[in-house]
1. Just one of Trp93, Trp60 is in contact with a strand residue (DSSP E or B) (Cβ under 7 Å, 6 or more places away or on another chain) and modelled with pLDDT of 90 or more; which is it?
2. Which residues, taken from the range 1-42, are among the small types (Gly, Ala, Ser) and in contact with a Lys or Arg (Cβ under 9 Å, 6 or more places away or on another chain)?
3. Only residues that are within 15 Å of the chain's Cα centre (by Cα) and modelled with pLDDT of 90 or more: list them for the range 1-46, please.
4. What's the number of the condition Thr84 fails, among (1) assigned to a helix (DSSP H, G or I); (2) surrounded by 12 or more Cβ atoms within 10 Å (Cβ to Cβ); (3) modelled with pLDDT under 95?
5. Could you list, in sequence order, the residues of the range 60-90 that are β-branched (Val, Ile, Thr) and more than 27 Å from Gly42 (Cα to Cα)?
6. Scan the range 54-76 residue by residue and report those that are surrounded by 14 or more Cβ atoms within 10 Å (Cβ to Cβ), more than 30 Å from Thr23 (Cα to Cα) and of a type outside the set (Ser, Thr, Tyr).
7. Do you know which residues across the range 1-13 are farther than 17 Å from Phe41 by Cβ and either touching a helix residue (DSSP H, G or I) at 6+ places or on another chain (Cβ under 8 Å) or surrounded by 12 or more Cβ atoms within 10 Å (Cβ to Cβ) (or both)?
8. Restricting attention to the range 61-77, report how many residues are on the phi < 0 side of the Ramachandran plot and assigned to a loop (DSSP other than H, G, I, E, B).
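The values are calculated or read from the model by the stated rules, or taken from the named source; none is laboratory data. Nothing here was measured: the structure is a model prediction, and the numbers come from that model. Cβ: placed from backbone, ideal geometry, glycine included. Neighbour counts: every protein chain shown.
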Amino acid sequence: MKNKVQPYYPYPASMRAGELMDTSYKRMAAYLNVEDSEIHFGPFTTQNVYVLENAMRPMWKDRDEIIVSCQDHEANAGAWRRLTDRGLKIVEWHIDRERGLLGLEDLNGL
């Protein structure tokens, strides 16, 4: 908790927080095999997914389909489900009630 401060300011905890952030960008970029500049950490999951879906919306045509798992957390699925108001079709991928799992064989049929 010592580094939960505004990063990059000229005092020790802030400078350390900035160093840790820089390291996290490099590590995530290496993990994903992308450039550091392609990594962005947003404020929280719900906001991040909302920004992503709004950024991607211009690429889709009306009635394009997005598959959303019924096991997804609201932070992920909610933003996509709201796209029905903007002309997209949301398809629900349901769990297998006997196994309690998502079946890839079911996904292929969607």
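1. Trp93
2. Ala13, Ala17
3. Residues satisfying the conditions are Met28, Leu32, Glu38, Ile39.
4. It fails just one condition, (2).
5. none
6. Matches in the range 54-76: Trp60, Ile66, Val68.
7. Hits for the range 1-13 are Lys2, Tyr9, Ala13.
8. Residues meeting the conditions: 7.
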